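Contents: one structure, followed by commentary.
The values are calculated or read from the model by the stated rules, or taken from the named source; none is laboratory data. None of the values given here were measured: they were computed from a predicted structure. Cβ atoms come from the backbone with ideal geometry, glycine included; neighbour counts cover every protein chain shown.
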Amino acid sequence: MSVIRRLSPETVNRIAAGEVVERPASVIKELVENALDARARHIEIFAEQGGLARLTVTDDGIGMDAETLALSIERHATSKLPVSDGGDDLLNISTMGFRGEALPSIGSIARLAIVTQARGQSDAYALSVEGGKCSGVKPAPAFGLGGTRIDVRDLFYATPARLKFMKTERAESNAIADTVRRLALSRSDVGFSLTLDGRSRLSLRAETGEDARRKRLSAILGSDFGENALEIDQERDGVRMTGLASLPTFNRGSAQHQYLFVNGRPVRDKLLGGAVRGAYQDFLARDRHPVVALYVDLPSDQVDVNVHPAKAEVRFRDPGLVRGLIVGSLRHALAGAGHRASTTVAGFALGRARAEGAMAGQPHHAMAAWGRPAAPESGTLVGERSARVEPDFIRPDVPTAEELADQPSAAADLPLGVARAQVHETYVIAQTQDGMVIVDQHAAHERLVYERMKKMMAETGVTRQSLLVPEIVDLDAAECERVLSRAEELAEMGLVVEGFGANSIAVREVPALLGKLNVQGLIRDLADDLAEFDAALSLKEKLEEVVGTMACHGSVRSGRRLTGEEMNALLREMEATPHSGQCNHGRPTYVELKLADIERLFGRR
């Protein structure tokens, strides 16, 4: 018969350490969270050899007296858990830590040394723990005005098998840096410094004032993010959402730059990824991701922070409310951005222009070609007339090029300026008050058509236009079945199709706002779209793919000559249409170059 026995305290501590201390970055997380709970205003972190040889965290918090220091290394001893009439209150946790496991767990697998001085006291005390054995509290030299310094050496020396699972020193150092960055993002009012192997990796001062959070985010995520981020501030049913989210044209190739903080605690939650994808689904391709930092504040009894040993995950009482708030807040901010595109677009264009110009080594007289009239086959000047007019471009309230030229004050109030030329029958050149704008006519009109279709579907339904002769599209049997199975949903979007024989589809009506379009190409592309997502999903759930495909086929194509009226109408509608700064795939629809930038490009500044 098996015998049940109690484990030794040392074994219990080492088991607990396996839950709390996964790698050196886990130690840093626990120690920095303790410093934040101790009301530190500045925290210094030092690490050697990926943190395996040495880790030191020094703070200027409230410190500890001798009695508190002795209790700090006992398991499940904490000063952070509130006490209610029924005992310890696990439902109202407002601190970063609360379990009382970190220090004894670290001390059981490493050489731990603590020096602390209570704020306002002149005496300091020290204590050391090696492999779970404590030396006892001893007096120590006083330092500063109070605070705590914790030194951890030879991590996992008492459990050497764990060392086999560590990654390279560089990988562990990067993990430490990422942990410190997340903690620094959570508290802009606290200064942080990080030194890895003698080299400074992070140096942040405490920020104050209204822009404190934006300054901290810019310092860590880059100044470009601060310049191209939208302010988030929404509240619903006692849950408040604040933070910053990037414009769609400021995006990255992975979702690693998306941060969520719940009541000041950095957490990793799948809820964030799904909500952000839902909010940006109209603006970014599937392989591109925005940069966001979102801060959720809600009553502590509405969230459970005790579902993960390292407190890296949380569970919301009403996850639907939080997800809806994230999506709604992001969409509201994106709608308020109007036609704005990120400033990095112009910076990238100027950088490429300088680099390629320098590499080409072209003589200065080659630039004189810009001053000559464009050849008929390469561009259309504003004064010329096109042989073909796009009806939906021209509106009675859009001023002509001549009217804008006669009214300089009116032109000065136009964010996207006045059209001056069309280059290579693809790009519209407009002059603004302090620079110029280059517009990709196809990408811009694609976004405009897309937004119109979405608005029609939400309000009155998409207006249809009957074809005099139905268009017959030949597909294979599987493609025909996919398209015909969605005939009712496609009809809601203004596209009426029906079967025509075994392997053909007859298109009888198309969305009126698409004008003349390549019906054959549209149907084939839609068949491909329908094959890419789950058949159980409705087209409304995948609206961006379907309507985006329709908008692309119904937009002004590259190579289409535009008149001055058409170009200015395009600019004015872009100014009035939300999200017109990027196409449906997150690419910019225009690049704005300031006059000062152009002058620097030509060496005038």
Item to check | Residue in the stretch 214-221 that is of a type in the set (A, V, I, L, M) and in a loop (DSSP other than H, G, I, E, B) present | outcome: no
Next on the checklist: Tell me which strands (runs of 3 or more DSSP E) are completely within the stretch 105-160 and hold 1 or more residues being at negative phi and touching a Lys or Arg at 6+ places or on another chain (Cβ under 8 Å), or say none if there are none.
Outcome noted: 111-117, 124-130, 147-153
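Taking LEU194 as the residue in question, decide whether it is in a strand (DSSP E or B), surrounded by 18 or more Cβ atoms within 10 Å (Cβ to Cβ) and touching a strand residue (DSSP E or B) at 6+ places or on another chain (Cβ under 8 Å).
Values: in a strand (DSSP E or B): yes; surrounded by 18 or more Cβ atoms within 10 Å (Cβ to Cβ): yes; touching a strand residue (DSSP E or B) at 6+ places or on another chain (Cβ under 8 Å): yes.
When the stated conditions are applied, LEU194 passes them.
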Checklist entry - Is one or more of the residues making up the stretch 488-503 at pLDDT 75 or above, more than 30 Å from ALA430 (Cα to Cα), buried (at least 21 other Cβ atoms within 10 Å of the Cβ) and more than 36 Å from the chain's Cα centre (by Cα)? => result yes
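Please go through the stretch 481-530 and pick out each residue that is part of a strand (DSSP E or B) and not β-branched (Val, Ile, Thr). Reasoning before the result, please.
Taking the stretch 481-530 as the starting set, the residues that turn out to be part of a strand (DSSP E or B) are 496-499, 504-511.
GLU498, GLY499, SER504, ALA506, ARG508, GLU509, PRO511, listed by residue number.
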Checklist entry - Which pairs have Cβ atoms under 9 Å, sit 6 or more apart or on different chains, and link a residue in the stretch 165-177 that is at pLDDT 95 or above and assigned to a loop (DSSP other than H, G, I, E, B) to one that is surrounded by fewer than 18 Cβ atoms within 10 Å (Cβ to Cβ) and of a type in the set (Phe, Trp, Tyr)? => result none
Next on the checklist: Restricting to the stretch 222-267, give me the number of residues that are in contact (Cβ under 8 Å) with a residue 40 or more places away in the chain and part of a loop (DSSP other than H, G, I, E, B).
Outcome noted: 9
Next on the checklist: Given the condition closer than 12 Å to MET574 by Cα and either without any contact (Cβ under 8 Å) to a residue 60 or more places away in the chain or assigned to a helix (DSSP H, G or I) (or both), answer yes or no: does some residue in the stretch 457-465 qualify?
Outcome noted: no
Next on the checklist: For the stretch 258-274, which positions are at pLDDT 90 or above and either under 9 Å from the mean Cα position of the chain (by Cα) or small (Gly, Ala, Ser) (or both)?
Outcome noted: GLN258, TYR259
Checklist entry - Of the residues VAL296, VAL291, which single one is crowded, with 21+ Cβ neighbours inside 10 Å and under 17 Å from ARG317 (Cα atoms)? => result VAL296
